[in-house]
Amino acid sequence: MSHFAKQMHQIGDVRVSHVIEQLTLLFSPTFLFPAWDASLLEKHRRWMIPEHYNEAEAKIVISIHTWVVRTKRHTILIDSCAGNHKHRPLSPQFDQLNLPFLDRPQDAGVAPEAVDYVLCTHRHLDHVGWNTLLQDGRWVPTFPNAKSVFSKAGLYGRHHSRHGVLVTITSGPGSTNAAAARPCTGLLPPGLGAPPSLPGAHFWTRAGEIPILLPGGHSSPAV
(Lines give C-alpha, C1' and ligand atoms only; values in the text may rest on other atoms or scores of the structure.)
Protein backbone atom coordinates (compact mmCIF):
# COMPACT_ATOMS: atom_id res chain seq x y z
CA MET A 1 0.00 0.00 0.00
CA SER A 2 1.44 3.34 -0.98
CA HIS A 3 -0.75 6.15 0.35
CA PHE A 4 1.41 8.25 2.68
CA ALA A 5 -0.26 11.64 2.54
CA LYS A 6 0.67 13.76 5.56
CA GLN A 7 -1.98 15.62 7.52
CA MET A 8 -1.06 18.86 9.24
CA HIS A 9 -3.04 20.58 11.98
CA GLN A 10 -2.49 24.02 13.47
CA ILE A 11 -3.59 24.26 17.11
CA GLY A 12 -2.82 27.74 18.36
CA ASP A 13 0.95 28.14 18.14
CA VAL A 14 1.50 24.38 17.80
CA ARG A 15 1.78 22.58 14.46
CA VAL A 16 1.06 18.85 14.41
CA SER A 17 2.01 16.65 11.43
CA HIS A 18 0.83 13.08 10.90
CA VAL A 19 3.68 11.13 9.22
CA ILE A 20 2.98 7.54 8.13
CA GLU A 21 5.67 4.86 8.11
CA GLN A 22 3.48 2.14 6.60
CA LEU A 23 -0.09 1.02 6.04
CA THR A 24 -0.50 -2.64 6.79
CA LEU A 25 -3.15 -5.37 7.10
CA LEU A 26 -2.71 -6.93 10.53
CA PHE A 27 -6.08 -7.79 12.02
CA SER A 28 -9.50 -9.06 11.11
CA PRO A 29 -12.31 -6.82 12.36
CA THR A 30 -13.42 -9.36 14.97
CA PHE A 31 -9.94 -9.39 16.51
CA LEU A 32 -10.22 -5.69 17.32
CA PHE A 33 -13.99 -5.50 17.69
CA PRO A 34 -15.52 -8.75 19.02
CA ALA A 35 -19.04 -7.43 18.40
CA TRP A 36 -18.22 -6.54 14.78
CA ASP A 37 -21.29 -6.27 12.54
CA ALA A 38 -20.39 -6.85 8.88
CA SER A 39 -23.47 -4.93 7.75
CA LEU A 40 -21.70 -1.77 8.87
CA LEU A 41 -19.43 -2.07 5.84
CA GLU A 42 -22.32 -1.39 3.51
CA LYS A 43 -23.62 1.45 5.64
CA HIS A 44 -20.22 3.17 5.78
CA ARG A 45 -18.67 1.89 2.55
CA ARG A 46 -18.07 5.38 1.16
CA TRP A 47 -15.45 6.30 3.77
CA MET A 48 -14.31 2.88 5.04
CA ILE A 49 -13.34 1.21 1.75
CA PRO A 50 -10.59 1.04 0.60
CA GLU A 51 -8.73 3.37 2.97
CA HIS A 52 -9.74 1.68 6.23
CA TYR A 53 -10.87 -1.81 5.24
CA ASN A 54 -9.49 -4.23 2.65
CA GLU A 55 -12.33 -6.35 1.27
CA ALA A 56 -10.10 -8.88 -0.52
CA GLU A 57 -8.22 -9.72 2.69
CA ALA A 58 -11.14 -8.99 5.04
CA LYS A 59 -8.80 -7.02 7.30
CA ILE A 60 -8.60 -3.58 8.85
CA VAL A 61 -6.03 -1.19 7.36
CA ILE A 62 -3.67 -0.22 10.18
CA SER A 63 -1.61 2.96 10.02
CA ILE A 64 1.84 2.84 11.64
CA HIS A 65 2.75 6.49 12.07
CA THR A 66 4.34 9.18 14.17
CA TRP A 67 3.08 12.60 15.18
CA VAL A 68 5.53 15.47 14.75
CA VAL A 69 4.66 18.28 17.16
CA ARG A 70 6.37 21.64 16.72
CA THR A 71 6.00 24.30 19.37
CA LYS A 72 7.81 27.61 19.67
CA ARG A 73 10.42 25.89 21.85
CA HIS A 74 10.56 22.21 20.91
CA THR A 75 10.22 19.67 18.15
CA ILE A 76 8.63 16.49 19.51
CA LEU A 77 7.97 13.05 18.03
CA ILE A 78 5.17 10.99 19.54
CA ASP A 79 6.09 7.33 18.99
CA SER A 80 8.68 6.26 16.45
CA CYS A 81 6.99 3.47 14.45
CA ALA A 82 8.59 0.09 13.64
CA GLY A 83 12.05 0.95 12.34
CA ASN A 84 14.36 -0.69 9.82
CA HIS A 85 16.59 -3.78 9.93
CA LYS A 86 15.15 -5.12 13.20
CA HIS A 87 15.25 -8.90 13.75
CA ARG A 88 11.63 -9.85 14.53
CA PRO A 89 10.92 -13.34 13.16
CA LEU A 90 7.78 -13.65 15.29
CA SER A 91 6.35 -10.46 13.73
CA PRO A 92 7.06 -10.92 10.00
CA GLN A 93 5.27 -7.71 9.04
CA PHE A 94 7.90 -5.80 11.06
CA ASP A 95 10.90 -8.07 10.40
CA GLN A 96 13.94 -6.64 8.59
CA LEU A 97 12.09 -3.67 7.14
CA ASN A 98 13.78 -1.31 4.73
CA LEU A 99 11.46 1.68 4.46
CA PRO A 100 12.22 5.31 3.48
CA PHE A 101 10.51 6.58 6.62
CA LEU A 102 13.23 9.07 7.59
CA ASP A 103 12.64 10.96 4.36
CA ARG A 104 9.04 11.65 5.34
CA PRO A 105 9.56 13.74 8.50
CA GLN A 106 12.08 15.75 6.48
CA ASP A 107 9.37 16.31 3.88
CA ALA A 108 7.37 17.78 6.76
CA GLY A 109 10.31 20.07 7.52
CA VAL A 110 11.88 18.10 10.38
CA ALA A 111 15.36 16.55 10.22
CA PRO A 112 16.33 13.87 12.79
CA GLU A 113 18.89 16.25 14.31
CA ALA A 114 16.15 18.82 14.99
CA VAL A 115 14.08 16.55 17.25
CA ASP A 116 14.27 17.56 20.93
CA TYR A 117 12.08 14.86 22.49
CA VAL A 118 10.75 11.44 21.54
CA LEU A 119 7.63 10.69 23.59
CA CYS A 120 6.87 6.97 23.68
CA THR A 121 3.31 6.16 24.66
CA HIS A 122 4.26 2.52 25.31
CA ARG A 123 7.00 0.04 24.43
CA HIS A 124 5.49 -2.13 21.70
CA LEU A 125 7.90 -2.64 18.80
CA ASP A 126 5.81 -0.63 16.33
CA HIS A 127 6.02 2.42 18.64
CA VAL A 128 9.75 2.50 19.50
CA GLY A 129 11.48 1.07 16.42
CA TRP A 130 13.05 4.25 15.06
CA ASN A 131 14.56 5.18 18.42
CA THR A 132 17.66 3.48 17.01
CA LEU A 133 19.21 3.14 13.58
CA LEU A 134 21.66 0.58 12.18
CA GLN A 135 24.72 2.47 11.00
CA ASP A 136 28.02 0.84 10.01
CA GLY A 137 27.04 -2.32 11.87
CA ARG A 138 26.18 -0.49 15.12
CA TRP A 139 22.88 0.63 16.63
CA VAL A 140 22.97 4.38 17.13
CA PRO A 141 20.32 6.93 18.16
CA THR A 142 18.21 7.97 15.19
CA PHE A 143 17.50 11.34 16.78
CA PRO A 144 20.92 12.22 18.21
CA ASN A 145 19.90 15.39 20.03
CA ALA A 146 16.64 14.08 21.46
CA LYS A 147 15.74 12.91 24.93
CA SER A 148 13.32 10.01 25.30
CA VAL A 149 10.32 10.14 27.61
CA PHE A 150 8.58 6.95 28.78
CA SER A 151 5.91 6.26 31.33
CA LYS A 152 7.55 4.68 34.37
CA ALA A 153 4.89 1.97 34.38
CA GLY A 154 5.64 1.33 30.72
CA LEU A 155 9.22 0.43 31.61
CA TYR A 156 8.31 -2.32 34.06
CA GLY A 157 8.67 -5.93 33.04
CA ARG A 158 11.23 -6.50 30.30
CA HIS A 159 12.42 -2.89 30.44
CA HIS A 160 14.29 -1.21 33.21
CA SER A 161 16.37 1.90 33.72
CA ARG A 162 19.84 2.29 35.16
CA HIS A 163 21.12 5.70 36.30
CA GLY A 164 18.19 7.32 34.46
CA VAL A 165 19.13 5.86 31.08
CA LEU A 166 16.94 3.36 29.31
CA VAL A 167 18.82 0.10 28.87
CA THR A 168 18.98 -1.29 25.36
CA ILE A 169 15.99 -3.46 24.49
CA THR A 170 16.52 -6.41 22.16
CA SER A 171 14.23 -8.85 20.41
CA GLY A 172 16.82 -11.17 18.93
CA PRO A 173 20.52 -11.58 18.26
CA GLY A 174 22.11 -8.27 17.40
CA SER A 175 18.87 -6.33 17.22
CA THR A 176 17.79 -3.23 19.11
CA ASN A 177 14.19 -2.10 19.34
CA ALA A 178 14.59 0.97 21.51
CA ALA A 179 17.26 2.83 23.41
CA ALA A 180 17.47 6.27 24.96
CA ALA A 181 20.24 8.28 23.39
CA ARG A 182 20.40 10.54 26.41
CA PRO A 183 19.09 10.38 29.99
CA CYS A 184 15.32 10.22 30.16
CA THR A 185 13.64 13.52 30.99
CA GLY A 186 12.00 12.16 34.11
CA LEU A 187 10.30 8.80 33.91
CA LEU A 188 6.63 9.54 34.36
CA PRO A 189 4.78 7.95 37.28
CA PRO A 190 1.53 6.14 36.58
CA GLY A 191 -1.23 8.74 36.37
CA LEU A 192 -1.18 12.43 35.65
CA GLY A 193 2.03 14.33 35.33
CA ALA A 194 4.66 15.77 33.01
CA PRO A 195 8.44 16.02 33.04
CA PRO A 196 9.38 19.41 34.48
CA SER A 197 11.77 20.01 31.58
CA LEU A 198 8.94 19.78 29.02
CA PRO A 199 6.40 22.46 29.96
CA GLY A 200 3.04 22.27 28.32
CA ALA A 201 3.06 18.48 27.88
CA HIS A 202 0.67 16.37 29.91
CA PHE A 203 0.24 12.61 30.08
CA TRP A 204 -2.81 10.56 30.97
CA THR A 205 -2.75 6.82 31.50
CA ARG A 206 -5.50 5.10 29.57
CA ALA A 207 -6.88 1.70 28.74
CA GLY A 208 -5.09 -0.02 25.89
CA GLU A 209 -2.53 -2.66 25.07
CA ILE A 210 -0.15 -2.25 28.00
CA PRO A 211 -2.55 -2.12 30.98
CA ILE A 212 -3.69 -5.64 30.08
CA LEU A 213 -0.24 -6.78 31.18
CA LEU A 214 1.06 -3.80 33.10
CA PRO A 215 -1.68 -1.60 34.58
CA GLY A 216 -1.11 2.07 33.90
CA GLY A 217 1.68 1.57 31.39
CA HIS A 218 0.00 3.04 28.32
CA SER A 219 0.01 6.83 28.24
CA SER A 220 -1.52 9.48 26.01
CA PRO A 221 0.36 12.77 25.63
CA ALA A 222 -1.31 16.10 25.05
CA VAL A 223 0.57 19.24 24.12
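Can you report the number of residues in the range 82-106 which are of a type in the set (A, V, I, L, M), out of contact with any strand residue (DSSP E or B) (no Cβ under 7 Å at 6 or more places or on another chain) and within 15 Å of residue 126 (Cβ to Cβ)? The qualifying residues number 2. If you check residue 69 against the conditions, is it buried (at least 21 other Cβ atoms within 10 Å of the Cβ), closer than 25 Å to residue 8 by Cα and β-branched (Val, Ile, Thr)? Spelling it out, residue 69 is indeed buried (at least 21 other Cβ atoms within 10 Å of the Cβ), closer than 25 Å to residue 8 by Cα and β-branched (Val, Ile, Thr).
Return yes when residue 44 is over 22 Å from the mean Cα position of the chain (by Cα) and either under 30 Å from residue 108 (Cβ atoms) or not polar (S, T, N, Q) (or both) and no when it is not. Give the derivation first.
Numbers: over 22 Å from the mean Cα position of the chain (by Cα): yes; either under 30 Å from residue 108 (Cβ atoms) or not polar (S, T, N, Q) (or both): yes.
Taking the combined requirement at face value, the residue satisfies it.
Comparison of 64, 60 shows that the only residue that is over 16 Å from the mean Cα position of the chain (by Cα), surrounded by 11 or more Cβ atoms within 10 Å (Cβ to Cβ) and not in a loop (DSSP other than H, G, I, E, B) is 60. Residues that are touching a residue at least 60 places away in the same chain (Cβ under 8 Å), in contact with a helix residue (DSSP H, G or I) (Cβ under 6 Å, 6 or more places away or on another chain), closer than 20 Å to residue 18 by Cβ and of a type in the set (Gly, Ala, Ser) are absent from the range 100-111. Of the residues making up the range 89-125, those that are modelled with pLDDT of 85 or more and touching an Asp or Glu at 6+ places or on another chain (Cβ under 7 Å) number 4.
The values are calculated or read from the model by the stated rules, or taken from the named source; none is laboratory data. What you are looking at is a predicted structure, and each value in this text was computed from that prediction instead of being measured. Backbone-built Cβ (ideal geometry, glycine too); neighbour counts: all protein chains shown.
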